[in-house]
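These notes are about the structure you will find just below.
Since every read-out is calculated from the coordinates, none of them should be taken as a lab result. Bear in mind that the values here come from a model prediction, so they are computed numbers and not experimental data. Cβ coordinates were reconstructed from backbone atoms using ideal geometry, including for glycine residues, and neighbour counts include every protein chain displayed.
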Amino acid sequence: MRKALRWLLALMVLIGTLSTAGAATAAEPEAVDIKDRLLAVPGMSLVEEKPYPGYRYFVLEYTQPVDHRHPGKGTFQQRITVLHKDVSRPTVFYTGGYNVSTTPGRREPTQIVDGNQVSMEYRFFTPSRPSPADWSKLDIWQAASDQHRIFTALKKIYGKKWISTGGSKGGMTATYYERFYPRDMDGVVAYVAPNDVVNDEDSAYDRFFASVGTKECRDRLNAVQREALVRRAPLEKKYAAYAAENGYTFTTIGSLDRAYEAVVLDYVWGFWQYSLLSDCGSVPADAATATDDEIWNSVDTISGFSAYADQGLATYTPYYYQAGTQLGAPTIHFPHIEKKYVRYGYQPPRNFVPRDIPMKFQPWAMRDVDSWVRHNARHMLFVYGQNDPWGAERFRPGKGAQDSYVFTAPGLNHGANVAGLVADQKALATARILDWAGVPAPTVSQARPLAKFDAKLDVRDVEREPALRP
């Protein structure tokens with residue numbers, strides 16, 4: 001009898017166990033495809049999916065308020081991309097501060113942490129521009145709020161640590177985002193980010209150009225720049241023919257003459273922004289005896305004669321608007337050029353924005369951000385290039401900052417990165433990025449990028465833009 005009872009009890013336990021297991025299995029939801037999860041986000045729509053080995057890559061549009069203070073007063077579609085690896089990996093939030101590329105690419109922090117990457121197109125860069133465009137809604141707080149909404153929506157899918165990053169204007173953008181929404185990100189990696197605290201005080205740039213590189217290289221560059229203004233008449237004839245051939249017009253800046261001088265005055269800046277000291281050999285050695293074509297080609301290669309035509313300016317109207325309302329813009333002097341050759345000097349951003357767009361400068365905007373970084377920076381890394389003009393005015397976390405760093409890559413330009421730092425700083429920067437992302441290295445000295453270098457995904461070249469744009 002006892003044996004029969006024990007047998008019956010065992011059978012009941014077995015049946016109960018199988019029944020419970022079956023119920024648990026039935027209760028478990030089937031795995032949802034990442035595309036379906038992304039498109040389940042309210043306001044998210046798919047533009048296209050592009051294949052890439054080891055990833056899923058999506059080009060998306062996300063519905064954003066034109067004005068985050070009054071979200072009921074209109075929306076626009078903001079383009080973003082998602083390079084998806086795995087929801088169990090950390091995520092890097094990237095913006096260049098301009099248009100977003102729709103070609104799969106991986107920023108350095110994404111390679112370091114072997115994670116996902118969300119990339120955002122900055123508001124008012126087409127096609128992410130409200131229609132009609134209320135330009136007063138293009139400011140650093142509104143853009144930071146764009147990022148905050150995207151992060152809030154996608155954090156439900158990508159639940160691990162997040163790090164924001166960007167280069168140049170993108171580095172500025174990552175910094176402003178951290179200032180306004182300091183609880184969103186677990187770390188910030190800002191590359192070559194200018195910090196123009198007092199717009200009318202730009203002597204740091206003059207000091208930079210007086211000492212950068214070698215005297216021989218500076219003399220070569222200065223001579224070509226001066227010679228281009230000495231030969232203004234014949235070279236402007238060449239410019240007029242070039243403009244006519246390409247359909248360029250100069251309504252916004254005001255004249256071909258103004259555009260010509262703006263391109264020439266960008267020449268030295270543009271060289272150091274995009275080139276290395278080793279490239280100085282490509283600069284005409286004796287400007288006085290160089291041909292007109294040699295002077296023209298050197299300036300065009302470095303500065304780009306299309307930059308200040310209406311067609312060149314149009315793409316970057318949002319940047320110039322921000323430079324003239326909040327970001328500030330540098331003004332430098334040219335002691336190597338006689339005053340009789342310089343008619344306009346460095347022109348203000350107002351000259352590069354159509355006159356029907358109103359602009360008013362807000363001097364407090366950058367002071368506020370600078371003060372916040374000095375006193376409140378936490379888990380922030382700033383990387384600059386030794387020979388990059390934009391690093392002359394930089395962010396400097398102060399005594400109130402925690403676990404934050406400023407490193408300078410020797411000899412590098414506007415493309416400076418962690419890989420270009422000296423060994424101990426490179427190891428420390430990599431270790432901090434890994435730690436902030438929740439995947440710490442065993443020791444600082446052993447800190448290495450977790451993903452292998454991919455020649456297509458990990459492009460390290462500086463994005464070529466006309467000079468004097470960060």
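Observations on the structure shown:
- Considering only the stretch 52-140, percent of DSSP beta bridges that pair antiparallel, nearest 5: 80
- The order of the peptides 145-152, 325-332, 401-408 by mean Cβ neighbours within 10 Å, most packed first, is 325-332, 145-152, 401-408.
- Where trypsin sites (Lys or Arg not before Pro) fall in DSSP loop in the stretch 309-369, at most 10 other Cβ within 10 Å: LYS360
- The angle between the Cα long axis of helix 292-302 and the longest principal axis of the Cα atoms of the chain comes to about 20 degrees, rounded to the nearest 10.
- Cα gyration tensor shape for the stretch 324-400, rounded if a/c is under 1.5, else prolate or oblate: oblate
- Between helix 2-27 and the chain: long-axis angle, C-alpha atoms, 0 to 90°, nearest 10: 20
- The relative contact order of the stretch 181-325 comes to 30 percent, based on Cα pairs under 8 Å that sit 6 or more residues apart.
- Cut-off 15 Å between beta-carbons: net charge of the residues surrounding SER203, Lys and Arg +1, Asp and Glu -1: -4
- Computed packing ranks the peptides 97-108, 427-438 as 427-438, 97-108, most packed first, by mean other Cβ atoms within 10 Å.
- Cα gyration tensor category, rounded, prolate or oblate, for the stretch 121-201 with a/c compared to 1.5: oblate
- Within the chain, percent of DSSP bridges classed antiparallel, to nearest 5: 50
- The chain: angle of helix 232-246 to the longest principal axis, Cα-based, in degrees nearest 10: 40
- Relative contact order of the chain, pairs being alpha-carbon contacts under 8 Å that are 6 or more residues apart, as %: 17
- Summed residue charge, Cβ within 11 Å of ALA365's Cβ, Lys/Arg positive, Asp/Glu negative: -2
- Over all other residues within a Cβ to Cβ distance under 12 Å of ALA287, the charged ones net out to -2, with Lys and Arg as +1 and Asp and Glu as -1.
- Rounded to the nearest 500, the 222 nm mean residue ellipticity of the chain from helices alone is -11000 deg cm²/dmol, with -39,500 (n - 2.57) taken per DSSP H run of at least 4 residues.
- Using a simple spin-label model with pseudo-atoms 7 Å out from Cα toward Cβ, GLN311 and LYS35 lie 3.7 nm apart.
- For ILE332, the amide hydrogen comes within under 5 Å of the amide hydrogens of TYR346, counting only partners 5 or more places away or on other chains and with H modelled in the peptide plane.
- Members of LYS85/LYS161; LYS156/LYS452; LYS50/LYS155; LYS161/LYS456; LYS35/LYS85; LYS161/LYS426 lying beyond 19 Å, as alpha-carbon distances in this model show: LYS156/LYS452; LYS50/LYS155; LYS161/LYS456; LYS161/LYS426
- Close amide H pairs (under 5 Å, H built 1.01 Å from N) link TYR98 with TYR122, residues at least 5 positions away or on another chain.
- Cα-based Rg and Dmax for the chain, where Dmax is the largest Cα-Cα distance (Å): 26.6, 118
- When only Cα pairs below 8 angstrom with a gap of at least 6 residues are kept, the stretch 338-470 shows a relative contact order of 16 percent.
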